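Remarks on the structure that follows.
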Amino acid sequence: MNEIFKHVPLYRYLSFCNETGLERTVLDCGAGGDSPSLGLFAQYGYSTYGIEFDPIAIAQAQAYEQERGLQLNIERGDMRNLPFADESFSFVYSYNSIFHMRKDEVSQSLQEMIRTLKPGGLLFVNFLTVNDFRCGEGPHLGDHQYEQFDDDQPVIHSYYTASEADPLFGNMEVLFKEDRTLERIYEGERIRQGFVDYIVKK
């Protein structure tokens with residue numbers, strides 16, 4: 001029986017990927033954690049690769065792999081300087097990760113992701129939006145960029161308007177875009193989160 005993942009938007013991306021007929025190679029930029037989403041792609045026969053900056057998140061992903069007998073190929077790396085050749089992957093994505101840096105670094109990371117994507121390949125990326133409940137919290141670094149805390153560690157969060165990220169994709173074809181605001185219970189409190197998701201074709 002296949003495992004059900006909480007990474008709901010990635011199911012839509014997976015559906016787009018399955019329809020292309022391209023070789024099933026996928027790179028996740030920000031691939032660590034105790035429920036790595038590359039496990040979803042592995043279930044569908046994809047050759048998976050991932051980079052992750054945080055050693056703790058890598059260790060969590062490795063424990064997940066060992067428990068399930070998987071080889072997801074997650075290594076330490078920085079999405080601002082990907083250790084892969086041009087046009088290496090049919091599919092590249094970053095889910096709930098790329099916005100943990102300043103906007104100039106986000107742009108740099110996207111260019112790296114596009115560089116490693118094959119012609120005709122699909123890129124998925126999502127951004128926090130200014131509708132998120134945390135937008136405005138913490139020291140303001142300008143342009144809706146804030147220093148905030150995740151798990152007691154200082155982390156940059158960059159927030160975007162609904163169309164702000166559009167120019168970052170250059171001449172790529174936008175196949176799907178969704179500006180969404182959701183409410184959920186987190187640690188006993190109702191929170192509001194804002195995201196804008198893109199699936200684009202090179």
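Quick note: the coordinates plus some simple rules give every number you see, no bench work behind them. In this text the structure is predicted, and so the values were computed from the model without any measurement. Virtual Cβ from ideal backbone geometry, glycine too; neighbours counted across all protein chains shown.
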Can you give me the C-alpha center-to-center distance between the stretch 117-176 and the stretch 22-51, rounded to a whole angstrom?
21 Å
Cβ charges +1 (Lys, Arg) and -1 (Asp, Glu), total dipole of the chain, debye:
560 debye
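Using the count of nearby Cβ atoms within 10 Å as a rough guide to exposure, how do Val130, Val125 rank from fewest to most?
Fewest-to-most ranking of Val130, Val125: Val130, Val125.
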Using modelled backbone amide H atoms (1.01 Å from N, in-plane), which distant-in-sequence or interchain residues come within less than 5 Å of Phe176's amide H?
Ile199
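Between Ile4 and Glu137, what length comes free when the chain is fully extended (0.36 nm per residue of separation minus the Cα-Cα distance, one decimal in nm)?
Result: 44.6 nm gained on full extension.
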Determine ³J(HN,Hα), in whole Hz, for all residues of the stretch 182-195 in sequence, where each value follows from phi through the Karplus function 6.51 cos²θ - 1.76 cosθ + 1.60 and θ = phi - 60°; x replaces Gly and Pro.
10, 10, 8, 8, 10, 6, x, 10, 7, 10, 10, 10, x, 9
Write down the percent of antiparallel bridges among all DSSP beta bridges whose residues are both part of the chain, to the nearest 5.
60 percent
Taking only C-alpha pairs under 8 Å that are 6+ residues apart, what is the relative contact order of the chain in percent?
17 percent
Expected unfolding gain across Arg76-Ser88 under the 0.36 nm per residue rule, minus the alpha-carbon gap, is 2.5 nm
Can you tell me which of 25-32, 74-81 comes out highest on packing, and rank the rest after it, using the mean Cβ neighbours within 10 Å?
25-32, 74-81
